[in-house]
Amino acid sequence: DHHFVEARRQQQVTRDRSPTAHQMMVLRLRVVLVMVMARAWVPLPKNPGLAAPRWQQRTIMQAQTIPQQPHKTAHDHDHETTTKAQLALGGPDSAKYAAELRKAYDRCGEITKIFSKTFYFGTTFFTEAKKTAVWAIYVWCRRTDDIVDSPLATMLGPERMARDLEVWEQRLEKIWVGEPTDSLDMALADAKFRYPDLDVAPYKDMIKGMLMDTPGHELYKNRYATWDELEVYCYRVAGTVGLMTLPVLGTAPGYSLEDAKEPALSLGLAFQLTNILRDVGEDALRGRVYLPQEDLERFGVSEQQVIDGIVDDKYKALLDFEMDRAEQYYAKAAEGIPMLAPEARLAVASSLKVYKGILDKIKVNQYDNFRNRAFVSKVEKFAMLPQAFFDIQRLVQEAETKDKISTTE
């Protein structure tokens, strides 16, 4: 009898310990999060160049030069879609080309992870093809910005910056015809080869944005009288990124790239305005005040107050006004999420949520963006994933309902 009672007791304990359906769902969610974290936190390869200090940023961005074809071959004429880089490395089907391209994309991924953890985090949800193409685009943007906004660039001076940007635009033209200068350019040339809808226009507009940060150039500005002026800058340095990546992300059935352009632009503008609000103190040390002068005057905040880093009620009201503006652009961007290909939605939705979180952090820091940098931690980013997922479901349902109403009318 004793053994029988003990056996029944063990059975009851086992049943008590069996997970419920709710517990199993939570467990599955945890497993998914762990898998995502493993993908995002994979250690970087041992690379001395990538461990270099920030003053060596331009060295980090250097890459192996691609051999150039001395003249057009018959193969060029017979296969117009074959790039010169592919030919120089033995053709698009050669093992050498595949190996060099893989290394180039890996390098782009490493650079992306180092310089923008939030952007890299978003790309972990893409397919391999989309992810590598977006890395290549990011690295081109990063290198473009580095020409005018690194310590070494400051040492070289504005005239050298302008010349470098001119040469950089020439290199861009070569990328677009399949003649990359180095391996990082080759990655973007291959992305263009795989995604023919990539347009060169936003890349050229970004270069104009860099010239707006180049002292001595006719486009240079370190003060902006109105939001309309600042909006042009935000478009050139960030809104363009939305247009660059949109052909890679793709659209859902029933939507065109043209339909998704405005939300993509809005997301870039929201991101850049968030960057400006986060970096007010850092920019002031560089002699730059991006906050519109008309807004400073409206809230009674002097430029000297910004330079001196004084936080008072007037300054807080100014930041609230600018953050409300950013929120409006985030709302427009969110409307475009259902327009994206389903596999691209979570990456965009999570990036949007993380960047919006920076605005919340500014408030948590008591609006002191002079001494405290607002950022969202890794743990907080992962905690936002479930809500980003549910946001997507809600936005898609709202879009479907809106379409049904418009068709019945």
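Between I310 and K261, the simple spin-label model (points 7 angstrom out along Cα→Cβ) gives 4.6 nm. Each label was represented as a point 7 Å from its Cα along the Cα-to-Cβ direction; for Q293 and V177 these points are 4.3 nm apart. Between amide H atoms placed 1.01 Å from N, distances below 5 Å from T251 occur with A341, all of them 5 or more places distant or on a separate chain.
The Kirkwood radius of the stretch 120-256, taken over pairs of alpha-carbon atoms, gives through the Stokes-Einstein law at 20 °C and 1.002 mPa s a diffusion coefficient of 135 µm² s⁻¹. Under 18 Å from a label point set 7 Å out along the Cα-to-Cβ vector of D106, the amide N atoms of the stretch 167-188 belong to 183-188.
Remark: spin-label model distance T226-F375 equals 3.7 nm, labels positioned 7 Å along the Cα→Cβ axis. Can you give the relative contact order of the stretch 119-194 as a percent, counting alpha carbon pairs under 8 Å and 6+ residues apart? Dividing the mean separation by the residue count of the stretch 119-194 yields 30 percent.
Sorting the segments 178-184, 258-264 by their mean number of nearby beta carbons within 10 angstrom, highest to lowest, gives 178-184, 258-264. Restricting attention to the stretch 294-409, the count of lysine pairs at 8 or more positions apart or across chains with alpha carbons under 18 Å apart stands at 16. Shown in residue order for the stretch 211-216 are the 3J(HN,Hα) couplings computed by the Karplus curve 6.51 cos²θ - 1.76 cosθ + 1.60 at θ = phi - 60°: 5, 5, 9, 9, x, x Hz (x for Gly and Pro).
Ranked by accessible surface with a 1.4 Å probe, highest first, in what order do V354, V241 come?
Largest accessible area first, the residues go V241, V354.
Each peptide in 266-277, 377-388, 290-301 was scored by the mean count of other Cβ atoms within 10 Å over its residues; highest first, the order is 266-277, 290-301, 377-388.
Based on alpha-carbon centroids, what's the gap between the stretch 141-174 and the stretch 286-355 in Å, whole number please? Distance between centres, Cα-based: 27 Å. Students often get this wrong: which residues of the stretch 290-309 have the backbone nitrogen under 20 Å from the point 7 angstrom along Cα-to-C-beta of K332? Those under the cut-off are 291-295.
The values are calculated or read from the model by the stated rules, or taken from the named source; none is laboratory data. Values in this document were obtained by computation on a predicted structure and should not be read as measured data. Ideal geometry is used to build each Cβ from the backbone, glycine not excepted, and the neighbour counts take in all protein chains shown. Heads up: the accessible areas ignore ligands, DNA and RNA and are worked out on the full protein's heavy atoms, side chains in. Shrake-Rupley method; radii C 1.70, N 1.55, O 1.52, S 1.80 Å.
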